[in-house]
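Structure record follows, encoded as structure tokens.
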Amino acid sequence: MSVVCIEFKPGLEGVPATQSSISYVDGQQGVLEYRGINIQELAKKSSFLETAYLLIWGYLPSKEELESFEHDIRYHRRIKYRIRDMMKCFPETGHPMDALQTSAAALGLFYSRRALDNPEYIRSAVVRLLAKIPTMVAASELMRRGNDAVQPKDDLDYAANFLYMLNEREPDPLAAQVFDVCLILHAEHTINASTFSAMVTSSTLTDPYAVIASAVGTLAGPLHGGANEDVITMLSEIGSVENVRPYLEKCLETKAKIMGFGHRVYKVKDPRAIILQELAEKLFEKFGYDKYYEIALELEKAVEEKLGHKGIYPNVDFYSGLVYRKLGISSDLFTPVFAIARVAGWLAHWKEQLTENRIFRPTQIYTGEHNISYTPIQER
Ligand code: CMC
């Protein structure tokens, strides 16, 4: 008889599933680093595409490398008309994350060659995915409003171009700059659920489009990336500063989770939430206040009083929605926007994993029975 000597950890909490040099989180101190560089510094000094390069290739690119990367991404932003035609058939009532997962998987129909040992193939998959995912998110949004997709505009940078394709007009420079910082903040976060999903899929040596599609599906859930959308729904349900504490009491009584709070790793305020809050304030100063902000501030205060002792503080999703609302992004697009950024991190893990791949095949602790005889259907 075999003896099970492995401790079962629900949610794999604390179980190392890989070795990685891509990013680092100190959940007690509230530190996040990409390739050793603090997120605060990247948010101030880098751009999303430079950060994506850093994550995927492991170093800050030279001027020439960055220009060539940006050039290639600009060149590949367009999507094939067949993909657009497919997207036109999506139901208007469908969730944009489902549309994105389907479209990301569809890219594999056009570009999959699975030359995973060829650095040029790796680079072209990275470029295509980073270039086309924003175009697909914007196109599916316009199509569900009954409009034609807007073609990318070559003289706009990555962040400005996405806002242009989405809102059909060139964004204010502050809006584009803030959005670029949001992309940096969401680009990578160690081995979270969607990254693990990407890694499990990539460990089978399938194509990178399937890897990204599976990660998008995982990110969609409300316990992961989907929480940013639920935060805005929650703030609207609360409705007023006076109602914050009664709402919180009710959540505590019914053991309902407060969206945008808590994290498996962070036991202090998420460093990304701190930056996002600053970005929200910058936008409010220029474009006007958001009535939900004072509700959010009061909720943060009340949750800290009641749950701070358990290490429950705002996570990345708490303030991001307030920023996105000011950028003209509708709430069910918040998670697809998160995905646009996280593609960089997923690709970094995909590339890292290919260098030392072993298929994920964990074990289980069987809790069922043995030697049960089959009961014919008439006797059940
Ligand atoms: N509201 C109220 N209580 C909470 C919350 C919350 N948001 N988060 C955790 N807790 C409590 C939970 O009830 C439990 O209490 P007790 O030990 O007394 O039973 C304790 O804290 C531990 O919670 P857990 O659910 O076991 O923690 P976890 O590490 O499994 O889950 C989490 C982490 C992020 C899923 C969870 O905090 C949560 O559901 N938060 C709300 C959803 C959310 O904001 N998700 C975005 C996560 S950050 C971005 C991302 O990953 O995409």
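Couple of notes before you dig in:
- Lone qualifier among Leu279, Leu235 - being farther than 30 Å from Ala106 by Cα, touching a Cys at 6+ places or on another chain (Cβ under 9 Å), away from the ligand (no atom under 12 Å from the Cβ) and not charged (D, E, K, R): Leu279
- Scanning the range 254-271 for residues that are more than 6 Å from the ligand (Cβ to nearest atom) and within 19 Å of Val31 (Cβ to Cβ), we see that the one that is modelled with the lowest pLDDT is Val265.
- When residues in the range 183-198 are screened for being within 12 Å of the ligand (Cβ to nearest atom), in contact (Cβ under 8 Å) with a residue 60 or more places away in the chain and among the aliphatic types (A, V, I, L, M), 2 of them pass.
A quick yes/no check of all residues on (1) open to solvent by less than 40 Å² (accessible area, probe 1.4 Å); (2) away from the ligand (no atom under 16 Å from the Cβ):
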residue: Ala149; (1), (2): yes, yes
residue: Asp154; (1), (2): no, yes
residue: Leu163; (1), (2): yes, yes
residue: Val200; (1), (2): no, yes
residue: Ala213; (1), (2): yes, yes
residue: Asn228; (1), (2): yes, no
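- Residue within the range 19-42 that is under 22 Å from Trp346 (Cβ atoms), open to solvent by less than 30 Å² (accessible area, probe 1.4 Å), of a type in the set (Phe, Trp, Tyr) and touching a residue at least 12 places away in the same chain (Cβ under 8 Å) present: yes
- Only one of the numbered conditions (1) more than 24 Å from the chain's Cα centre (by Cα); (2) in contact (Cβ under 8 Å) with a residue 24 or more places away in the chain; (3) within 15 Å of the ligand (Cβ to nearest atom) is not met by Ser331, and that is (1).
- Unmet criterion (only one of (1) touching a His at 6+ places or on another chain (Cβ under 8 Å); (2) open to solvent by 40 Å² or more (accessible area, probe 1.4 Å)) for Ser194: (2)
- The residue that is farthest from the ligand (Cβ to nearest atom), among those in the range 297-328 that are aliphatic (A, V, I, L, M) and within 17 Å of Val181 (Cβ to Cβ), is Leu327.
- Filtered residues of the range 41-77 (kept if part of a helix (DSSP H, G or I), of a type in the set (S, T, N, Q) and out of contact with any helix residue (DSSP H, G or I) (no Cβ under 7 Å at 6 or more places or on another chain)): Ser68
- Comparison of Glu278, Glu300, Glu352 shows that the only residue that is over 30 Å from Ile73 (Cβ atoms) and either outside any helix (DSSP H, G or I) or not basic (Lys, Arg) (or both) is Glu300.
The values are calculated or read from the model by the stated rules, or taken from the named source; none is laboratory data. None of these values were measured; they are calculated from a predicted model. Reconstructed Cβ throughout: ideal geometry from the backbone, glycine too, with neighbour counts over all protein chains shown. Remember, those area values only see protein heavy atoms, side chains included, never the ligands or the DNA or RNA. Shrake-Rupley method; radii C 1.70, N 1.55, O 1.52, S 1.80 Å.
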